[in-house]
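Notes follow the structure.
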Amino acid sequence: MELRKYIGRRLVQVVIIFFVILTVLFLLFRLAPGDPVSRMVDPDMTPEDAHRLKVELGLDKPLGIQYLVYLKNFFTGHFGYSFHYGEPVVNIIWSRLPNTVLLFTTSIILSALVGVFLGKIASWHKGKKTDSILTIGALVTHTLFLPWLALIMIWLFSYKFGWFPITGMISEDVWLDPDSGFIAKSLDVMYHMVLPLSTLFLIHFGAYLLIMRSSMLETLKEDYILTARAKGLEEKVIRDHHAAPNAALPVVTSVGLSLAFSINGGALTETVFTWPGIGRELVFSVSQNDYPLAQASFLLIAAVVLVSNVVVDVLYAYLDPRIRY
Amino acid sequence: MTVRERFPLLNSFLDGWSIFKQSLLGRIGLVLLILFALMAVCSYIPPLIDPMYNPMTGVDPAITCCTPPGMRHWLGTDFMGRDILSQLLAGARVAFMVGISAAVMSIVLGVAIGMTAGYMGRFIDTLLMRLADMIMVMPTLLVVLILAAVFGQLNIWTIVLIIALFRWPGVSRIIRGQTLSLKQRPFIEAAKVAGASHSRIIFQHIMPNVLPLAFLFMTFRVTSAIITEAALAFLGFGDPGTVSWGMMLQWVWKTGHMFKAPYWLLPPGICISLITLSFYMLGRAMDEVLDPRLRKEDQTD
C-alpha cells in the first residue's frame, strides 16, 4: 500500500516536471530571436500548405492561444511535419523509439550485471593484484571519451579486421529477402549491435564496478556478516548470499543518477554507428535545422529519462524494504 | 608561534597535502595534470616559431593533404596541412579554460543554492530542490543541442555558461545536506542569539564548513564540462573559432580520414581520456583527504 502511494506521488511529480519542460520548450521555440513561423513550417512548402499548417499550429494567434493549441497538438500527437523527411514527426519518432530502447536497456543491464559481479570479486580480493587490475581497468575504461572509443572500435573491428559492419542496424539483403524469418532478422540486428553495445558497455561497467566494490567493503563491516562468519558459514555463501545483495543496492541508485549521462552516451553512440535511434535523430535534426523533429525527439527523450527514473526509484524501494518514502 | 599555527588555513592545507601525498592515484593524477598544464602553456610557442604552426589558420604551403609525422611536423598534419601538435597543445588550453570556468561557475551556483535551501528551509527549500531534481535528470549534452537548434551557433562562453547552469544540482544537494546538519550545531545558535543576520550566518559560519566538500566536487565538474564541450564539438556544434580536442576529432571523422590517418585520430582522443582520468584520480585522492572513513579503511589494511 505504502509503495503504491509512493509510486503515485512520483508519477504526479513526473507529470508536473514534464509540463514544465513542455512549457519551457514552447517558450524557447516561440520567443527566441528569429522568426518562430520559420521554425515550425517547412520553408520548402507551397504557400497554401504553409498557411494551412500555420492555422493548424495556431501560429497566427496570440501567444496564450498558441500555447493551448500547442498542448492540444501534443496530446493528440500532432508534432508537425519533419522538414527533412516530409513525414509527420510522430511517425518518425515512434519508429526510432524501439531501436533506442533496445540498445539502451541492453547496455545498461549488461554493464550493471557485469559491473556488480566484477565489483564483488574486486572487493573480495581487496589490496591484491586482482583488485588493482579490476579497479584500474574500470577507472581507465570509464574515463575513455565515448565518441573516440566508438571510432576506435570501428577502425579496429570493422576496418582492420573486418569482423563487424561499419554502420547501421540491419543488412538490406537479409531484410529484403522474403525467405529470411524472424530468427535470421534478429541475428542480423544482434550482429549490427555488437560494436555499439560493446562501446556503451566498456564506458559504463567501470562505474558500477567501483560503486559495487566500495559498497561491498562497507557491507562486509556490518554485524550480520560477523554473525554469519561466527555461525561458520562458508565464505562464498557469506559473499554471495549475505553481503552482495545488500551491497548491490547503491548500484541501483547510481543507475538512476547516471541515466542522464547514459542518455548522452547513447546519443553519441547512435550517431557514430548511425544506429537509427532517437538520439541520432535529435543530433541529425539539429544539424539540419529540422525544428519540429528536434523538438519532438527532445520531448520523447525527456519523457524516457523521467519515466526510467521513476522505474529505478520504485525498483529501489521494492528491493530495499528498509526504505519507505 | 610557528608559521603553521599562525595560518590555520595553511595548516589544514599542509595536513591535507600530507594525506594526499600517500595516495598513488592522487600522485599520478597530479603529475598528469601538470603535464597537461605545461601543454597548455606551451601552446603559445608554435605560432611564434612560424605562422604555419598556428593551430587554426596556419597552413603548411608545401603540404596539401594530411601527412604522417615527420621532422617538420612532429605529429603530422591534418587534411589542410595544419600542424596536429600545435592543435593538440591549443586543445589543452581550451580544455582547461572550459573545464575550470564551467566548474567554478557551477560550484558557486551549487553552493549558494544549496546553502540557501538548507538554511532557509520550508517553501524555498522545496522549490529549489524540486528545481534541482528537474535539472538533474536532464541530459546536459542534449539540452545544449536543443539550445543550439533554437539559437544557432553557440560560442564557447555560451556553451560554458549553459554547462554551468545545468550542472549545479548535484553539488547543491550535498551542500544542502551539510547545511542542514550544521544548522543544528550550537555555534549557529550562538551566532543567532548574538544577533547575526541570515547572510552573515550563511557566509561567515556555514560557508567555511562546506567549502572543502565543494572543492572536491569541483574536480568532477571539471571533467564533465570538458567531456560535454568535447562531445558537442565532436558532433559539429562547437565554437568554430576554437581548436578543441573534440573539434579535432570532428575534423578527422567528418573528413573521412579516420581509417587513413591513425596519427591524427589517436592523439586528441587519448588527451581527452587522460585529462578526464587525471581529474578523476585527483578527485578520488581528495575524497580520501576529506572523508576520514575512507582513510582509516586504507590504513588498517
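No lab work stands behind these numbers, since they all come straight from the coordinates. This is a predicted model, so every value here is computed, not measured. Positions of Cβ are backbone-derived with ideal geometry, glycine not excepted, and every protein chain shown enters the neighbour counts.
Below, the figures for the structure above:
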read-out	value
Pairwise FRET efficiency - A:Glu48 versus B:Val104, Cβ, R0 = 56 Å, nearest 0.05	0.55
Chymotrypsin sites (Phe, Trp or Tyr not before Pro) lying in DSSP loop within segment B:65-98, provided at most 15 other Cβ fall within 10 Å	B:Trp74
Tail weight of P(r) past 48 Å, computed on alpha-carbon pairs of the protein assembly as shown, percent	18 percent
Per DSSP, loop GluC sites (Glu not before Pro) in segment A:219-325 with at most 13 further Cβ within 10 Å	A:Glu234
Per-residue ³J(HN,Hα) for segment B:134-151, Karplus 6.51 cos²θ - 1.76 cosθ + 1.60, θ = phi - 60°, Hz, x for Gly and Pro	5, 6, 4, 7, 7, x, 3, 4, 6, 5, 4, 4, 5, 5, 5, 5, 7, 9
DSSP-loop chymotrypsin sites (Phe, Trp or Tyr not before Pro) across segment A:126-161, with at most 14 other Cβ within 10 angstrom	A:Phe161
From phi via Karplus (6.51, -1.76, 1.60), per-residue ³J(HN,Hα) for segment A:97-105 in Hz, x at Gly/Pro	4, x, 4, 5, 4, 4, 5, 5, 5
Computed over chain B, Kirkwood Rh from alpha-carbon pairs, angstrom	21.6 Å
Mean residue ellipticity (222 nm) of the protein assembly as shown, computed from DSSP H runs ≥ 4 via -39,500 (n - 2.57), nearest 500	-24000 deg cm²/dmol
Percent RCO, i.e. relative contact order, over chain A, from Cα pairs under 8 Å lying at least 6 residues apart	25 percent
Taking segment B:140-287 and dividing mean pair separation by its residue count, relative contact order in percent (alpha carbons under 8 Å, at least six apart)	27 percent
Inter-chain Cβ neighbour average for residues B:145-156, partner chain, 10 Å	6
Across A:Lys160/A:Lys236; A:Lys129/A:Lys231; A:Lys128/B:Lys21; A:Lys221/B:Lys192; A:Lys128/A:Lys231, pairs whose alpha-carbon gap is larger than 32 Å	A:Lys160/A:Lys236; A:Lys221/B:Lys192
15 Å beta-carbon shell around A:Asp179, net charge (K/R +1, D/E -1)	-3
Chain A - Debye-derived log10 I(q)/I(0), Cα point model, q = 0.14 Å⁻¹	-1.17
Euclidean distance of C-alpha centroids, segment A:49-100 and segment B:102-130, integer Å	37 Å
For A:Tyr81, distant residues with modelled amide H under 5 Å away	A:Val89
Karplus (6.51, -1.76, 1.60) ³J(HN,Hα), θ = phi - 60°, over segment B:17-24, in Hz, Gly and Pro reported as x	4, 5, 6, 4, 4, 6, 8, 4
Separation of alpha-carbon centers, segment A:254-325 and segment A:162-217, rounded to whole Å	18 Å
Residues B:Trp17, B:Trp253, B:Trp264, sorted so that the one with the fewest Cβ neighbours within 10 Å comes first	B:Trp17, B:Trp253, B:Trp264
B:Ala62/A:Gln288 FRET efficiency (R0 25 Å; Cβ-Cβ; nearest 0.05)	0.10
